[in-house]
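Note sheet for the following structure.
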Amino acid sequence: MKKVAILGATGMVGQRFVTLLADHPWFELVVVAASPKSAGKVYEDAVKNRWCINEPIPHGVKELVVKSVEDDVDAIVKEVDLVFSAIDMDKDSIRTVEELYASKDCAVVSNNSAHRWTDDVPMIIPEVNPDHVKLIDTQRKNRGWKKGLIAVKPNCSLQSYVPILKALEQFEVKEVLVTTLQALSGAGKTHETWPEMQDNVLPYIQNEEEKSEKEPMKILGKIDGKGLHVAKNPNISVTCIRVPVSDGHMTSVELSLSKKVSADKIIDALENFENPLNGLDLPSAPEQFIQYHKDEDRPQTKLDRDYANGMGLSVGRLRESSLGWKFVSLSHNTIRGAAGGAILVAELLVKKDYI
Ligand SMILES: NC(=O)c1ccc[n+]([C@@H]2O[C@H](COP(=O)([O-])OP(=O)(O)OC[C@H]3O[C@@H](n4cnc5c(N)ncnc54)[C@H](OP(=O)(O)O)[C@@H]3O)[C@@H](O)[C@H]2O)c1
């Protein structure tokens, strides 16, 4: 068992980490940390009136005394091998905090965007670019870290379409137009804390479209002895919309392919996606990563976001379009798109002996 801490354990993503790590076969949650406002409180009290997960706080975590992310660094790194980072601070502070933990022999797997464009930090969707973990060798060399490391996962919006681009790579994807329909929890909110979103749709999410267009290029990039080469194709254009659902980011995708293929061949490529995690036995990896729905009214957010314990992807409504093909896809934003995705990255790092 590796001992782990959650930085930002009281927040929405932090709470997801808490529930997903309960009974994890490889990771034992021993430290919860947050801002000085929560530090010193028992976890149950620190999240009083803001616990937003549909299951109780796991036993063993309720009673943990919350530590301070910035003031208790030495005490925390002494207790753990790995920290999951889900802190909401300004980017410079997040970078400083994450580097401080890594410099003290601690592995950091982060949800935050602060390090996503740092050259020697891999941004990983384990089913898409598991080979990017090799960038950690360069990172450790650059920074003189022996056991410490920083790895990040991408923005939650990407998870609903980037794996599909990977599954269809064999048909040479050229142009991609995406519209995301993103849940309230993506902004750290609920129906209760964001009443203005009742009966409402917002046509703008700050900084989201830039992340949704740029981050796939790092993930789809190739790694060689000289480092990581960001991909130049496909061209991706994204519109991000906030919709009044609690959890689950849906995307409407239209794309063109260089190769002529049938709908059956596309569905086969999705359902039989050659998953590089097959055979690794990572506890959080879904048995079948992508499921395709033949019913025209699927995937639906409420019915399908929890597919494969919230770690899988649901796709449906594949049809021809003026550009080539269009379809709808869905993933759970705070599980697959945040805490669960980060836990899977950490499992991969353990399997590859980086942690
Ligand atoms: N929500 C999503 O779907 C999602 C998806 C992907 C990535 N993210 C990213 O994950 C991070 C957390 O998101 P969230 O939605 O969970 O936010 P949140 O609910 O606002 O939680 C923020 C967490 O950060 C802690 N924090 C705030 N200021 C701090 C400080 N000065 N020092 C130490 N800890 C501090 C908070 O502790 P206190 O409770 O003590 O204030 C809390 O635990 C953000 O960077 C966000 O962009 C979110």
Scanning region 319-339 for residues that are over 14 Å from LEU181 (Cα atoms), surrounded by fewer than 23 Cβ atoms within 10 Å (Cβ to Cβ) and not charged (D, E, K, R), the one farthest from the ligand (Cβ to nearest atom) turns out to be SER322
Within the group GLU208, GLU192, which residue is in the same structural domain as VAL245 (by TED's automatic domain parsing), within 16 Å of the ligand (Cβ to nearest atom), closer than 27 Å to TYR307 by Cβ and at pLDDT below 95?
GLU192
Take region 1-27 and flag every residue that is small (Gly, Ala, Ser) and under 18 Å from the mean Cα position of the chain (by Cα).
ALA5, GLY8, ALA9, GLY11, GLY14
Give LYS146, LYS174, LYS104, LYS141 a once-over and let me know the one that is among the basic types (Lys, Arg), surrounded by fewer than 17 Cβ atoms within 10 Å (Cβ to Cβ) and either in contact with a Pro (Cβ under 9 Å, 6 or more places away or on another chain) or at pLDDT below 95 (or both).
LYS174
Identify all residues within region 119-134 that are in contact with a Lys or Arg (Cβ under 8 Å, 6 or more places away or on another chain) and within 16 Å of the ligand (Cβ to nearest atom); write none if there are none.
MET123, ILE124, ILE125
Can you work out which of the residues in region 45-55 that are surrounded by fewer than 16 Cβ atoms within 10 Å (Cβ to Cβ) and farther than 11 Å from VAL18 by Cβ is farthest from the ligand (Cβ to nearest atom)?
ASN54
Tell me whether region 56-67 contains one or more residues that are within 14 Å of the ligand (Cβ to nearest atom), of a type in the set (A, V, I, L, M, F, W, C) and more than 25 Å from the chain's Cα centre (by Cα).
yes
Among strands (runs of 3 or more DSSP E) entirely inside region 157-252, those with 3 or more residues being in contact with a Gly (Cβ under 9 Å, 6 or more places away or on another chain) and basic (Lys, Arg) are none
Looking only at region 208-230, which residues are among the small types (Gly, Ala, Ser), within 21 Å of PRO130 (Cβ to Cβ) and either crowded, with 16+ Cβ neighbours inside 10 Å or in contact with a Cys (Cβ under 7 Å, 6 or more places away or on another chain) (or both)?
GLY221
Selection status of VAL121, among the hydrophobic types (A, V, I, L, M, F, W, C) and outside any loop (DSSP other than H, G, I, E, B):
no
In region 112-122, is there at least one residue being among the aromatic types (Phe, Trp, Tyr) and crowded, with 24+ Cβ neighbours inside 10 Å?
no
When you scan region 283-318, how many residues do you find that are surrounded by 19 or more Cβ atoms within 10 Å (Cβ to Cβ) and part of a helix (DSSP H, G or I)?
4
Among the residues of region 14-22, is any more than 9 Å from the ligand (Cβ to nearest atom), surrounded by 15 or more Cβ atoms within 10 Å (Cβ to Cβ), under 28 Å from LYS351 (Cα atoms) and of a type in the set (Val, Ile, Thr)?
yes
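The values are calculated or read from the model by the stated rules, or taken from the named source; none is laboratory data. Here the structure is a predicted model, which is why all the values come from computation and not from measurement. Heads up, the Cβs are rebuilt from the backbone with ideal geometry, glycines too, and the neighbour counts pull from every protein chain shown.
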